[in-house]
Amino acid sequence: METIQLKVEGMTCANCALTINKYLEKKGMQNIKVNPIDGDVSFEIVEGTDQEPLINGINDLGYEVVAHGLKQIEKKRFLSTQVGRFFFCLPFTLVLMLHMLEKWVHIHWLMNPWIQLAICTPVYIVGMSFFGKSAYKSIRNGLPNMNVLITIGASAAFIYSLIGSIIGQGQEYLFYETAATIITLVFFGNYLEDASIQSTQRALKSLVKSQKVMANMIAFDENHQEVILPIENTALKVGDLILVRSGEQVPIDCKILWGDAHVNEALLTGESIPIHKIQKDKLIGGSVVESGQIKAQVTATGDDTVLSGILTLVKQAQGEKPPIQYLADKISAIFVPAVLGIAVITFVANYFLLDGNDLFIRSLMRSIAVLVIACPCAMGLATPAAIAVGLGRAARSGILFRNAKSLENFRTIKQVVFDKTGTLTTGSFKLAEYKVLDMEEAEWRNAVFSLEKYSNHPIAQCISGSFKTKNEIKWNSIDEVKGIGMKGIDKEGNIFWAGSYKIAKEHTTEENHNVYILKNDKLIGWIDVADEIRPEAKEVITYLKNKNIRTILLSGDRQEKCEHIATILGIDEVIAEQSPAEKLVKIASLNELVPTAMVGDGINDAPALAKATIGISLSDASQLAIQSAHVVLMSQGLKKLPLALGLGKNTYITIKQNLFWAFFYNVIAIPIAAFGFLTPTYGALVMGLSDVVLAINSVRLFFKKVI
């Protein structure tokens, strides 16, 4: 399956996203994600399938595909933006509104219905080219959107006035200014909505700006002398050499070959303290060299870079729907037909129940007011606006959510399970002690190094680094057995093991060593390493306890070591000596009791991370752990965990506030319009401002204290 990325313009409400989603479903697409905030649409398609009919189909729905992947399809045309349409319509509308000041300003020529028709017609044409076209296509596809309401409201006023002009009934039939004002103010409201919604994307935009910068590429002339060539980072290839000076931004992911520097990675990790980087250390594109100068080799380009991965992850998560959104989607799907029914009832009820003159006109104006004040946009944007800000702030702070569901699920977490090694501890081990049994020490060290060099486990890396040698054993086979250790078979058929006490329990009663070494089912030595507790671990555990969140240590390490760390940190429960399969079973049983988060970093944690309500991985974890987790903490430590919890809970609160406002607004506004307390003109203005209220409340989440 191939993933297709599109940028679509013209989505104005939840129904728009639903329309595109259902169209793609009908065409057999899978894993469809439609983000109404920024217009991103992604879906999976069978490789080799022609994509043009799908793009044309989305265009036929009344929307416009403006980009396919990174390729811009079409340049913006005249009157193709909300602000452009608004400023085109505004002068005509202002002139027509002078008609409403007839008692104070005597402009006799403006009283002519044909002049009013001439002034209103350009506004009506522009309005119908946008609202009318979208409304027609949405009805044709069986999913009427909010533009149906605007189209019917404005057209009713325009056609009623046109009939009056033709039959010469005078000013009682002239409501051209109402038609023009509805169209102009809705364009203005859409512009305000777009502007305020764009502010919810600011954190993501700051990351996007870091994707394209200038780089200093190192080349060599015919005399083999270094030459520095300024070049855009997008033109770099893996293996190219670059120079990064003090104060410059690292242009792309790379590895230091020469020099050292203090690097600020705050843009990506939220951690403002510079990190000292030396030879062979990796640098993330987008970070800034605060002091020092380095020469480095490019290790990743394009979509393979860390920054590009972050942007993709955040955008995908924004396109995901959290559970609370499905209620709003269901209501939005029936909203427009319901409002049309209410408008008809309003007209009939007012016409037959009101007293006095001009019953038809008064009833028509009230039903038009109902049409233009109703706002399905508010319900459609309530969740995406809050999600966009929550995910954006999280990304800016060094917290990556794989989907919006995880962001919402944080509010339910009642207990957090921690792995020990590399999670609660630094994972930076030092060799403490070792003992060799029945073997030459040099030969023994060589065997241990040859085994442990193939493992990514922090303890194994510590040991292989301490015993490093050039005379390593060439294995016939080498395997890592999850939760147990490394197994190697040499060319003579000898079987070596380096692992936990599980492999040595039949050969010794000493359970207090980290790694046991076996040859042909015989114990030939053991190794102890020293690990230190992360400095932020105690503070994080204390925070969780203050929030009445239960803490559990789940580890494959020995009981006594786990209990020692749990006592220091104040962890509530210890579950030790667990294999990956046992960890998975334990997490499943804990999940059945209460929603549970799991924090881990190793290969053996991956199944449990995937099974937990929320799996949380650290950025320096194994790739398998990162891929299995729902949330990644980029600051290489636990200190962002309280912020992730706080953002999850406060994003959910913001969503509920937005949905309350959206429902409350429509419940109050529609009856007010139906009973004649609001004209169509003011209704159009209030409808536009209702979306701005939601955007402002969502943006507040960016500054709000969440922990």
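Listed values, structure above:
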quantity	calculated
I459 touching a helix residue (DSSP H, G or I) at 6+ places or on another chain (Cβ under 6 Å), in contact (Cβ under 8 Å) with a residue 60 or more places away in the chain and not in a loop (DSSP other than H, G, I, E, B)	no
Whichever residue in segment 11-31 is in contact with a helix residue (DSSP H, G or I) (Cβ under 7 Å, 6 or more places away or on another chain) and in a loop (DSSP other than H, G, I, E, B) and, among such residues, is modelled with the lowest pLDDT	C13
Residues located in segment 495-516, provided they are more than 25 Å from E563 (Cα to Cα) and touching a helix residue (DSSP H, G or I) at 6+ places or on another chain (Cβ under 9 Å)	F496, W497
Candidate set: segment 464-523, residues that are aromatic (F, W, Y) and out of contact with any Phe, Trp or Tyr (no Cβ under 8 Å at 6 or more places or on another chain); chosen: the one farthest from A608 (Cα to Cα)	W475
Given (1) assigned to a helix (DSSP H, G or I); (2) at pLDDT below 85, number of the condition G427 does not satisfy	(1)
Segment 339-373 - residue that is at pLDDT below 80 and either assigned to a helix (DSSP H, G or I) or among the aliphatic types (A, V, I, L, M) (or both) and, of those, farthest from E408 (Cα to Cα)	L354
Test: residue in segment 537-556 that is among the small types (G, A, S) and more than 30 Å from Q415 (Cβ to Cβ)	no
Residue check, V298 surrounded by 16 or more Cβ atoms within 10 Å (Cβ to Cβ), among the β-branched types (V, I, T) and at pLDDT below 70	no
All positions within segment 514-533 that are crowded, with 21+ Cβ neighbours inside 10 Å and assigned to a loop (DSSP other than H, G, I, E, B)	N514, D531
Flag for G286 being buried (at least 22 other Cβ atoms within 10 Å of the Cβ), modelled with pLDDT under 90 and either on the phi > 0 side of the Ramachandran plot or under 24 Å from the mean Cα position of the chain (by Cα) (or both)	yes
Residue selected from segment 426-445 under the condition free of Cβ contacts under 8 Å to residues at least 40 places away in the same chain and surrounded by fewer than 17 Cβ atoms within 10 Å (Cβ to Cβ), by the criterion farthest from the chain's Cα centre (by Cα)	E440
Positions within segment 578-592 being among the aliphatic types (A, V, I, L, M) and more than 29 Å from the chain's Cα centre (by Cα), in sequence order	A581, V585
Of all residues making up segment 638-652, the number that are part of a loop (DSSP other than H, G, I, E, B) and of a type in the set (D, E, K, R)	2
Residue check, K468 surrounded by 17 or more Cβ atoms within 10 Å (Cβ to Cβ) and touching a helix residue (DSSP H, G or I) at 6+ places or on another chain (Cβ under 8 Å)	no
Cβ pairs under 7 Å, 6+ apart, first in segment 233-261 and at positive phi, second buried (at least 21 other Cβ atoms within 10 Å of the Cβ)	G239/V298; G247/V289; G259/I294
Residue list for segment 670-680, restricted to those being surrounded by fewer than 21 Cβ atoms within 10 Å (Cβ to Cβ), in contact (Cβ under 8 Å) with a residue 24 or more places away in the chain and assigned to a helix (DSSP H, G or I)	I672
Residue within segment 495-503 that is buried (at least 20 other Cβ atoms within 10 Å of the Cβ) and among the polar types (S, T, N, Q) present	yes
Search result, residues across segment 32-70 that are closer than 18 Å to P384 by Cβ and either without any contact (Cβ under 8 Å) to a residue 40 or more places away in the chain or not in a loop (DSSP other than H, G, I, E, B) (or both)	I32, K33, V34, G39, D40, V41, S42, F43
Selection within segment 579-592 - modelled with pLDDT under 90 and surrounded by fewer than 21 Cβ atoms within 10 Å (Cβ to Cβ)	S579, P580, A581, E582, L584, V585, A588, N591, E592
Residue within segment 410-420 that is of a type in the set (D, E, K, R), under 23 Å from I503 (Cβ atoms) and assigned by TED's automatic domain parsing to the domain that holds I524 present	no
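Here is a yes/no grid of residues against (1) modelled with pLDDT under 80; (2) surrounded by fewer than 24 Cβ atoms within 10 Å (Cβ to Cβ); (3) under 43 Å from the mean Cα position of the chain (by Cα):
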{"position": "K103", "(1), (2), (3)": "yes, yes, no"}
{"position": "G127", "(1), (2), (3)": "no, no, yes"}
{"position": "G168", "(1), (2), (3)": "yes, yes, no"}
{"position": "T178", "(1), (2), (3)": "no, no, yes"}
{"position": "L192", "(1), (2), (3)": "yes, yes, yes"}
{"position": "S196", "(1), (2), (3)": "yes, yes, yes"}
{"position": "S199", "(1), (2), (3)": "yes, yes, yes"}
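The values are calculated or read from the model by the stated rules, or taken from the named source; none is laboratory data. No experiment lies behind these values; they were computed from the predicted model shown. Reconstructed Cβ throughout: ideal geometry from the backbone, glycine too, with neighbour counts over all protein chains shown.
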